[in-house]
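Report on the following structure.
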Amino acid sequence: LQKKQMVQKSGLLELIDTPEKLENIGGLDALKEYLKKKAKIMHQLPKAEKFGVSIPKGVFIVGMPGCGKSLCAKATASLFETPLLKLDMGSMMGKYVGESESNLRKAIKIAEAAAPCVLWIDEIEKGFSGIGGHNDILTRMFGYFLSWMQDKKSSVYVIATANNADALPPELKRRGRFDEIFCVNLPNEEERKAIFDVHISKRKNNGRKREIKKDYDFESLIEETDGFNGADIESVVNEALE
């Protein structure tokens, strides 16, 4: 409760109270398996450190919108059994000299005080794309963030998500900042089937699930939704029910 109040008072971080379960994500099997392995370490940190295992730093997830990046961030907090704090890069930008860097430092200190936790930096490209120009404030903020990620000893697990990483500086994507980078693409046939299953199973009435599967040619549906992302498929299920 104390941590919750501290986060809310700051106004710099948002506490997300709606965790998802990993089972509610269709596809992304490699990423889900990876996160499960990290969860084992996070649940036994003192033992892991004693054994010589480094504290996990975080993961960088890149991919087009609607393909499960946000869901993964929420599910990771649930998997780790820790709070989920969301950092919006836009809210860091202050109108006074030095305010932006100060906000970022404060936000990171709050996250460290709330550790163990998951710090979700959504659309990180909005904050750090185009570094290297004449924006000294952004350059200093970026330098501070990189140093923190490199030397981080706290159990703050950082999940950075981006729709497009092309404009981001290469230093952010080097080993030593994040433990791993995952690229999330549009779901293939098997993954679309898994996503349909997730959204149909979510409906409270089990009879409705059987009815949907009976009334629709499921294989044709999978073929017809080629090029759809997870959010599109959820919309298809909702519209069908309506």
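The values are calculated or read from the model by the stated rules, or taken from the named source; none is laboratory data. Just so we're clear, the structure is a prediction, and the values are computed from it rather than from any experiment. Here the Cβ is made from the backbone with ideal geometry for all residues, glycine too, and neighbour counts use every protein chain on show. Each accessible area value is taken on the protein alone, full model and side chains, heavy atoms only, with ligands, DNA and RNA left out. Shrake-Rupley method; radii C 1.70, N 1.55, O 1.52, S 1.80 Å.
Each label was represented as a point 7 Å from its Cα along the Cα-to-Cβ direction; for Leu15 and Gln2 these points are 1.3 nm apart. Using a simple spin-label model with pseudo-atoms 7 Å out from Cα toward Cβ, Glu239 and Asp197 lie 2.5 nm apart. Out of these labelled values of Kirkwood radius over Cα pairs in Å, [x] 17.8; [y] 19.5; [z] 20.5, which was calculated from the coordinates shown here? Among [x] 17.8; [y] 19.5; [z] 20.5, the one calculated here is [y]. Here the ratio of the Cα radius of gyration of region 1-87 to 2.2 N^0.38 Å is 1.19. Within the full protein context, the accessible area of Lys109 is estimated at about 140 Å² for a probe radius of 1.4 Å. Compute the helix-to-body angle for 69-80: its Cα long axis versus the longest principal axis of the chain, expressed 0 to 90° and rounded to tens. Orientation of helix 69-80: about 80 degrees from the principal axis.
List the pairs from Lys4/Lys202; Lys50/Lys86; Lys36/Lys202; Lys32/Lys173; Lys47/Lys109 whose alpha-carbon separation is above 27 Å, in the order I gave them. From Lys4/Lys202; Lys50/Lys86; Lys36/Lys202; Lys32/Lys173; Lys47/Lys109, over 27 Å: Lys4/Lys202; Lys50/Lys86. Here's the list of aspartates and glutamates a cross-link from Lys152 could span, going by alpha-carbon distance under 19 Å and ignoring same-chain residues fewer than 8 apart: Glu49, Glu101, Glu112, Glu171, Asp179, Glu180.
For region 1-91, run through the GluC sites (Glu not before Pro) and keep only the ones in DSSP coil with at most 12 other Cβ atoms within 10 Å of their Cβ. Walk me through the numbers before you get to the answer.
Working: sites: Glu14, Glu20, Glu23, Glu33, Glu49, Glu81; in loops: Glu20, Glu81.
Answer in residue order: Glu81.
Stretching the chain fully between Lys37 and Lys153 yields a gain of 39.8 nm (0.36 nm per residue, less the alpha carbon separation).
Run the numbers on the chain and let me know its relative contact order in percent, using alpha-carbon pairs under 8 Å that are six or more apart. Each step should come with its number before you reach the end.
Values: 350 pairs, mean separation 65.0, N = 242.
Value for the chain: 27 percent.
Dimensions of region 47-123 based on its C-alpha atoms, expressed as ranges along the principal axes with the largest first, amount to 46, 34, 18 Å. Helix 99-113 and the longest principal axis of the C-alpha atoms of the chain enclose an angle of approximately 70°.
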